[in-house]
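Working notes, beginning with the structure itself.
The values are calculated or read from the model by the stated rules, or taken from the named source; none is laboratory data. Fair warning: this is a prediction, and the values are worked out from it, not measured in the lab. Cβ atoms come from the backbone with ideal geometry, glycine included; neighbour counts cover every protein chain shown.
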There are 2 protein chains.
Amino acid sequence: MYSLFLYNWQVRDEWFEVLKDLPIEELTAERGGGIGSIIKTLFHIVDVEYSWIRGIEGYDDPAPLFEDFLNIQSIQRLSDDYRKDLLQILGTLTDDRELRVVKVPWDEESYRYGEILRHVIAHEIHHMGQLSVWAKELDIDRVTANFIGRGLGRSI
Amino acid sequence: MYSLFLYNWQVRDEWFEVLKDLPIEELTAERGGGIGSIIKTLFHIVDVEYSWIRGIEGYDDPAPLFEDFLNIQSIQRLSDDYRKDLLQILGTLTDDRELRVVKVPWDEESYRYGEILRHVIAHEIHHMGQLSVWAKELDIDRVTANFIGRGLGRSI
């Protein structure tokens with residue numbers, strides 16, 4: 001699973017790069033589907049990933065407020081900060097850990113650790129697909145969703 | 001990886017169900033981003049998945065023509081047919097197989113078998129994200145992208 005996180009992080013960083021010069025009015029404009037705006041989507045992806053991974057590791061949810069992250073640069077800093085932790089946690093995955101039964105405070109269900117990893121991975125890819133439609137509407141560059149061509153074969 | 005294929009197939013079948021009664025004009029309308037229309041996107045997902053998996057298994061590409069699949073029911077039948085093969089191939093994945101170096105006829109690069117599996121998985125989730133934006137625009141039901149809540153924990 002680790003290589004799919006590396007993939008998501010590469011794609012996310014490339015979107016940050018594409019979107020960093022987009023006017024704030026476009027970043028915050030309400031759009032059809034998804035979380036509602038480009039900037040909310042990016043914040044949501046970063047926030048949800050960290051909450052789940054912290055949760056299944058037994059740590060509290062930092063619950064950052066969207067209102068404090070109203071530009072690409074601040075969301076990217078949050079993403080970079082979180083990633084340092086995530087690299088530590090996810091860089092040492094084992095089959096045994098993926099099978100561990102886990103619970104998080106905001107959900108009554110129990111899950112497999114690896115089930116949550118897949119949930120988080122699919123969540124980001126799904127939202128990035130939405131972003132690609134909005135980017136097309138805005139006539140700006142779109143980041144490729146290809147997994148191949150990113151040097152990730154060695155992380156399989 | 002197998003559970004992520006099961007996830008994609010569940011999501012895909014739920015989209016078939018949601019979209020089967022949508023008028024053909026809406027299914028074929030050109031939309032911003034992605035492959036261009038809802039029906040082309042569905043055909044593309046089914047076609048690409050099978051081509052890659054057949055390719056890395058050393059089989060030829062059946063290369064179905066989009067023009068022969070101009071409604072949801074025919075694409076779903078194609079998807080069902082292909083799935084019988086894919087279940088056989090992907091139901092017996094091993095770590096060794098994922099590390100195998102593979103080539104396909106349409107690409108000069110060599111890849112890891114597991115790299116292509118991840119490419120195909122991310123490809124479908126990405127396009128389904130696009131579909132969700134278009135469904136919102138059309139004000140029709142959207143299929144959840146959640147991996148949790150689908151009984152897939154036991155397939156981890």
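Being within 14 Å of chain B (Cβ to nearest Cβ), under 26 Å from B:Lys136 (Cβ atoms) and part of a helix (DSSP H, G or I), is that true of even one residue in the stretch A:50-70?
yes
Under 14 Å from the mean Cα position of the chain (by Cα) and among the acidic types (Asp, Glu): which single residue out of A:Asp107, A:Asp60, A:Asp47, A:Asp21 fits that description?
The conditions single out A:Asp47.
May I ask you to list the residues in the stretch A:14-37 that are more than 13 Å from chain B (Cβ to nearest Cβ), within 30 Å of A:Glu115 (Cα to Cα) and surrounded by fewer than 15 Cβ atoms within 10 Å (Cβ to Cβ)?
none
Hey, can you tell me all the residues within the stretch B:89-106 that are part of a loop (DSSP other than H, G, I, E, B) and exposed (fewer than 15 other Cβ atoms within 10 Å of the Cβ)? Before the answer, list the steps.
Our first condition is that a residue be part of a loop (DSSP other than H, G, I, E, B); within the stretch B:89-106, this holds for B:91-94, B:100, B:103-106.
Result: B:Gly91, B:Thr92, B:Thr94, B:Arg100, B:Lys103, B:Pro105, B:Trp106.
Could you list all residues from the stretch B:46-82 that are of a type in the set (Val, Ile, Thr) and either modelled with pLDDT under 95 or under 16 Å from B:Gln10 (Cα atoms) (or both)?
B:Val46, B:Ile72, B:Ile75
Quickly run through the stretch A:103-120 and pick out the residues that are farther than 11 Å from A:Trp52 by Cα and more than 7 Å from every other protein chain (Cβ to nearest Cβ).
Hits for the stretch A:103-120 are A:Glu108, A:Glu109, A:Ser110.
Taking the stretch B:61-90 on its own, how many of its residues are without any contact (Cβ under 8 Å) to a residue 24 or more places away in the chain and closer than 19 Å to B:Thr28 by Cα?
Let us first name the residues in the stretch B:61-90 that are without any contact (Cβ under 8 Å) to a residue 24 or more places away in the chain, namely B:62-65, B:67-68, B:74, B:77, B:80-81, B:84, B:87-88.
From the residues that got through so far, the ones that are closer than 19 Å to B:Thr28 by Cα too are B:64-65, B:67-68, B:74, B:77.
Number of matching residues: 6.
Across the stretch B:129-156, what is the total count of residues that are in contact (Cβ under 8 Å) with a residue 12 or more places away in the chain, at the interface with another protein chain (Cβ under 7 Å from one of its Cβ atoms) and within 28 Å of A:Val101 (Cβ to Cβ)?
Total satisfying the criteria: 4.
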